[in-house]
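Scroll down for the structure; my scribbles are underneath it.
The values are calculated or read from the model by the stated rules, or taken from the named source; none is laboratory data. What you see is a predicted model, and the numbers here were worked out from it, not measured in a lab. Cβ coordinates were reconstructed from backbone atoms using ideal geometry, including for glycine residues, and neighbour counts include every protein chain displayed.
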Amino acid sequence: MPIKYGQYTVPKVDEEVNFKVGQPSPAMLPLDYIRKSAAEKFAEDDPNYLQYGDIPGYKEFRVALAGFLTQEYGAPVDPDELFVTNGVTGGLAMIATLFCHSGDLVLAEDPSYFLALRIFEDFKLTCHQVPIEKDGIDMVALEELLKKEKPKMLYTVPTAQNPTGRTLSEEKRKKLVELAYKYDFLIVADEVYHLLTFPGVHGPLPMPYYDTKKEKVFSVGSFSKILAPALRLGWFQAPKSLLKPIIDCGMFDSSGGINPVMSGVVHKAIDSGLQKKHLDWTRGELHTRCKHLMECCTKYLVPIGCSFEEPLGGYFVLLKLPDGVISTELLDVAVANKVRFLPGTSFGKAYAGYLRLSFSYYNSADIDVGIQRLGEAIKQLQAKK
């Protein structure tokens, strides 16, 4: 029996196609690049590499990361405004720990990334969700809520949003920052998909560039989707005033910085160009898989009353089911047909008639099989009504 490394057990396609899985396929994990980068780093033969790490991340790595992000964003990144984390999830938990207290109000999009909502719940935070439009958060609805409530922060996935695939427009990014100052709340931008917009797509800059006063925005990034999840490596991009409470906290005074060993490996991947090479390939591969998923949805699901929006990046397509079909009711029928998905109510109460499909794990042939099975499940449920 092979060793199980992954968080999720993904069955073979003849057993089930699991569109719930929001992770890269094994074919998208660059084992050889990581092996080469690790060998190069350890060949430096410096035992201090294994010492407690510099709290914000060692300076040379942050300089390399800043250079990489500057190239990708087309806008300057200051290495002193970067702080190394163990990924977006760890970053959200860190912010919730140091900037919020039990009972504080957090705002999120409706729909929103379901596990971020779980994290806020774990920290005993109250979460209210704000509707989104085609170009992101409904700013009128947001301001009406802000007139009545006083949130500590607002959580957003501004680019290739999970689960809708929508991107917050530049105009709305500016308005969101304006509201953050007017009503005094932090913006926590989960920008894990910012670097995964599809080839030829040129969207707005990341959220920090719209905060010219540099007081209100945390941008949270990660190597999980652009290199490999097991690295457990990511970053904050934020003004020094927001990073200071993190740098000064007791946890880091005791432990030192996060994951310095993997920082060194990824440093080599950046300097050698392997990170850039893999990112460019990943964007193209995800685009190919997304296009095929949409083609299959158009062929097998649209004729029976489904619809969807075309994402411009990321991992997911949000599918609207035919009138009267509820995704939680469909799930049992789907599993009986050897296909699985994430129901829309995981992301927001108003999304009972939706489900999320991931295109990151399966190749085109397997996507085709899974969408055909989903179509059969929908027809079976419709026949029972």
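The table below lists the values:
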item: Complete set of residues in segment 229-242 that are buried (at least 18 other Cβ atoms within 10 Å of the Cβ) and in contact with a helix residue (DSSP H, G or I) (Cβ under 7 Å, 6 or more places away or on another chain); result: 231, 233, 234, 235, 236, 237, 238, 239
item: Of residues in segment 55-100 being surrounded by fewer than 23 Cβ atoms within 10 Å (Cβ to Cβ) and among the charged types (D, E, K, R), the one nearest to residue 224 (Cα to Cα); result: 72
item: Among residues of segment 27-46, those that are among the hydrophobic types (A, V, I, L, M, F, W, C) and either in contact with a Pro (Cβ under 8 Å, 6 or more places away or on another chain) or part of a loop (DSSP other than H, G, I, E, B) (or both), counted; result: 2
item: Test result for residue 143, touching a strand residue (DSSP E or B) at 6+ places or on another chain (Cβ under 6 Å) and either assigned by TED's automatic domain parsing to the domain that holds residue 354 or touching a residue at least 12 places away in the same chain (Cβ under 8 Å) (or both); result: no
item: Checking residue 311 against (1) part of a loop (DSSP other than H, G, I, E, B); (2) surrounded by fewer than 19 Cβ atoms within 10 Å (Cβ to Cβ), the condition it does not meet; result: (2)
item: Cross-chain or 6+ apart pairs with Cβ under 8 Å, segment 270-299 first and among the β-branched types (Val, Ile, Thr), then assigned to a helix (DSSP H, G or I); result: 270/64; 270/65; 270/67; 270/68; 270/276; 282/28; 282/196; 288/364
item: Residue 180 being in contact (Cβ under 8 Å) with a residue 12 or more places away in the chain, farther than 20 Å from residue 88 by Cα and assigned to a helix (DSSP H, G or I); result: yes
item: Extreme residue, farthest from residue 301 (Cα to Cα), among residues of segment 361-385 that are modelled with pLDDT under 95 and part of a helix (DSSP H, G or I); result: 384
item: Of all residues in segment 245-274 being among the small types (Gly, Ala, Ser) and outside any helix (DSSP H, G or I), the one that is surrounded by the most Cβ atoms within 10 Å (Cβ to Cβ); result: 257
item: Criterion violated by residue 52 - all others in (1) surrounded by fewer than 13 Cβ atoms within 10 Å (Cβ to Cβ); (2) touching a strand residue (DSSP E or B) at 6+ places or on another chain (Cβ under 9 Å); (3) free of Cβ contacts under 8 Å to residues at least 40 places away in the same chain satisfied; result: (3)
item: Test: residue in segment 206-220 that is touching a residue at least 60 places away in the same chain (Cβ under 8 Å), under 30 Å from residue 27 (Cβ atoms) and assigned to a loop (DSSP other than H, G, I, E, B); result: yes
item: Of all residues making up segment 322-346, the number that are farther than 15 Å from residue 18 by Cα and out of contact with any strand residue (DSSP E or B) (no Cβ under 7 Å at 6 or more places or on another chain); result: 8
item: Filtered residues of segment 6-26 (kept if among the aromatic types (Phe, Trp, Tyr) and either over 23 Å from residue 288 (Cα atoms) or not in a loop (DSSP other than H, G, I, E, B) (or both)); result: 8
item: Residue among 158, 151, 229 that alone is under 15 Å from the mean Cα position of the chain (by Cα) and closer than 22 Å to residue 105 by Cα; result: 158
item: In segment 56-99, residue nearest to the chain's Cα centre (by Cα) [restricted to those that are hydroxyl-bearing (Ser, Thr, Tyr) and closer than 20 Å to residue 272 by Cα]; result: 73
item: Residue within segment 344-352 that is at negative phi and more than 23 Å from the chain's Cα centre (by Cα) present; result: no
item: Any hit, segment 183-197, residues being in a loop (DSSP other than H, G, I, E, B), closer than 19 Å to residue 133 by Cα and in contact with a helix residue (DSSP H, G or I) (Cβ under 6 Å, 6 or more places away or on another chain); result: no
item: Within segment 352-376, tally of residues that are surrounded by 21 or more Cβ atoms within 10 Å (Cβ to Cβ) and either aromatic (Phe, Trp, Tyr) or closer than 15 Å to residue 329 by Cα (or both); result: 8
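Residue-by-condition table, conditions (1) among the aliphatic types (A, V, I, L, M); (2) in a helix (DSSP H, G or I); (3) under 19 Å from the mean Cα position of the chain (by Cα):
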residue	(1), (2), (3)
279	yes, yes, yes
286	yes, yes, yes
296	no, yes, no
299	no, yes, no
323	no, no, no
332	no, yes, no
